[in-house]
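Throughout, read-outs are computed from the coordinates displayed, never taken from laboratory work. All values reported here derive from a predicted model rather than from experimental measurement. Quick reminder, even Gly has a Cβ in these numbers, built from the backbone with ideal geometry, and neighbours come from all protein chains shown.
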Amino acid sequence: MNWSNLREDYERLGTIGAVAQAYGCTWREVRRELTRQDIPRNRHWGAVMRREMTAEYRQKISAAGIGHPTSEATRAKISESLKGHAVLEETKAKIRVTRADYRWSDETRAKFHTAMVGRKPSEAARQAMRDGCARPEVKERKRQLLLQRFPLIQGNKQSNTPIEVRLQNALTQAGIGWLSQQRKLNRYIVDLELTDAPIILEADGTLHLLPRGIERDRKRDAALRDAGYTVLHFTGKQIYHDINGCVERVREALGNAQEIMGQSELHGDM
């Protein structure tokens, strides 16, 4: 093959691929000859090729790459070539935005779980995951997702849950007075407070059954009891399937509290 005009053709066409197509050979042969003749290669040939790609060709490349994982040798080459190259903050921001909206398909998730069976992440991987979860934007995103799923857990809630409404209706029918959404000790908002005795009623949903919810309720109940309140908890199952038993339990607590209050008044008069 005649390579005498290679320099001129390469400068005119701009890319190794275009020269290979014009010469009717492979791009590896063109690259080898460029090296042999000590012809400096265009470092922006990738950008040129990306500009010249049509939408159809891009789609073909994307389709061909689906399901083909990168080999370890290729990963090693990429890592070696990127050594010493700092990633711009703008690029990092774009990556974070892209990852934030990315969702695995069920097929990809199943493949990942299958590949991870029996494998334990290294301490470095665990620390990387902890650092990632500690980022403020990740915490805020998790909080927003949680509030979307459970809107009633936001700060000072203005509406009652269905189990609270059912318990309120049962107490009203039983002639027991109550107040809803009362703030106690300047930091706790209780579901129901009886008007005739210092008794607080809590209608617990599923969040209260989680370890964090149990620990939070334990500290909250201890503070309220120290302040002189009696705290009764009712689960959603109890309220839906045994509402009469819940009312009887409230009656019993109310009677005990009124008896204690009467004795206190009696001793005070004496």
Legend entry - Ranking of 240, 229, 188 by count of other Cβ atoms within 10 Å, fewest first: 240, 188, 229
Legend entry - When each of 92/142; 111/139; 94/120; 120/219; 139/237 is checked by Cα-Cα distance, pairs over 24 Å: 111/139; 94/120; 120/219; 139/237
Legend entry - Residues in region 195-216 that a label on residue 181 would reach, taking backbone N under 19 Å of a point 7 Å out along Cα→Cβ: 195, 200-205
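State the percent of C-alpha pairs, over all pairs in region 162-269, separated by a distance greater than 17 angstrom.
So the pairs more than 17 Å apart make up 55 percent of the total in region 162-269.
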Legend entry - Distance in nm between pseudo-label sites at residue 89 and residue 210 (7 Å out along the Cβ direction from Cα): 3.4
Legend entry - Counting DSSP beta bridges with both ends in region 162-269, the antiparallel % (nearest 5): 55
Legend entry - Environment charge of residue 113, counting only residues whose C-beta is closer than 15 Å and scoring Lys/Arg +1, Asp/Glu -1: +2
Inset, instruction - Take every Cα pair under 8 Å in region 170-270 that's 6+ residues apart, average their separations, divide by the length, and report that relative contact order as a whole percent. - result: 24
